[in-house]
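The values are calculated or read from the model by the stated rules, or taken from the named source; none is laboratory data. Just so we're clear, the structure is a prediction, and the values are computed from it rather than from any experiment. Don't worry about glycine lacking a Cβ; one is built from the backbone with ideal geometry, like all the others, and counts go over all protein chains shown. Note: areas computed on protein heavy atoms with side chains; ligands, DNA, RNA excluded. Shrake-Rupley method; radii C 1.70, N 1.55, O 1.52, S 1.80 Å.
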Amino acid sequence: MSHSLIFDMDGTLFQTDKILELSLKETFDQLRSLGEWDKETPIDDYREIMGVTLPEVWRILLPNQSNKLREQANDFFQDKLIENINKGNGALYPHVKELFSYLKDHDYKIYIASNGLTTYLNAIVNYYRLDAWVTETFSIEQIQSLNKSDLIASIIKKYKIEKGAVVGDRLSDIKAAQDNGLVSVGCKFDFAKEEELSQADVVVEDLSEVKVVLNRGEEKVDA
């Protein structure tokens, strides 16, 4: 079905929820110590907006605070995320490395495209040694528009991709595939929403199912 696969990171390859609540709590504890927050940590609000760009995240989580404070909160949050990754508090989803090994053995090219920042993505890639399989990892901060469809378009252009799929858990991943003429594979994982997944070409509940999807596509081509 596809010669190249572009994977989202958070909620698709990396179980962000394992470090999310801890890092967010530490960030809002810091805000409380500064007298800038007096409510509970808005973990549920963050879960609802997983997949949007970071500036939008902090506009929603800190609606009444200044842009300067939002930037400070984001910087602290990113530091805590990376710290927790390097402590081994996170985890990949089941079968990530198994799937990547299969794809590489069958001559598929693997890319990562995420709304996460470059330093954060590099921390995950380095800790789990994903660069053994991944050709390149792309961050939304590399695109001026902060639009995931544009990020996917830049990957297609750079690597001259003619056939491929985007694998992700949120609507931004599905739309990015559709906007660029690629197959959209929705992952029914922690942060996924039914109404968004309904727009994907294919939905999987485990990454091992991606191999089945690919094999079915190849069978159709050969038929």
Only Lys, Arg (+1) and Asp, Glu (-1) charged, at Cβ; segment 74-223 dipole about Cα centre in debye: 320 debye
Residues of segment 42-140: accessible area per residue with a 1.4 Å probe, Å²: 48 Å²
Low-density loop cleavage sites - trypsin sites (Lys or Arg not before Pro) in segment 23-57, where at most 12 other Cβ are within 10 Å (DSSP): K39
Carbon + sulfur, % of accessible area of the chain - ligands and nucleic acids excluded, 1.4 Å: 45 percent
Helix-only mean residue ellipticity at 222 nm for the chain, each DSSP H run of n ≥ 4 adding -39500 (n - 2.57), per residue, nearest 500: -15500 deg cm²/dmol
Protection proxy ranking, peptides 99-107, 174-182, 9-17, average beta carbon neighbours within 10 Å, highest first: 9-17, 174-182, 99-107
Too-long pairs where the Cα-Cα distance tops 19 Å, listed order kept, from K18/K211; K104/K211; K148/K211; K188/K211: K18/K211; K148/K211
Efficiency of FRET from Cβ geometry, S154 and D131, R₀ 25 Å, rounded to 0.05: 0.80
Cα-based convex hull, segment 9-112, per residue volume (Å³, whole number): 108 Å³
Share, in percent, of DSSP beta bridges within the chain that are antiparallel, nearest 5: 5 percent
Simple label model, 7 Å out from Cα along Cβ direction - S33 to K104, nm: 4.1 nm
Where R59, R216, R70 fall by accessible area, highest first, once all protein chains stay in place (1.4 Å): R216, R59, R70
Residue among F28, G168, A113 farthest towards the positive dipole end of the chain, charges placed on Cβ: A113
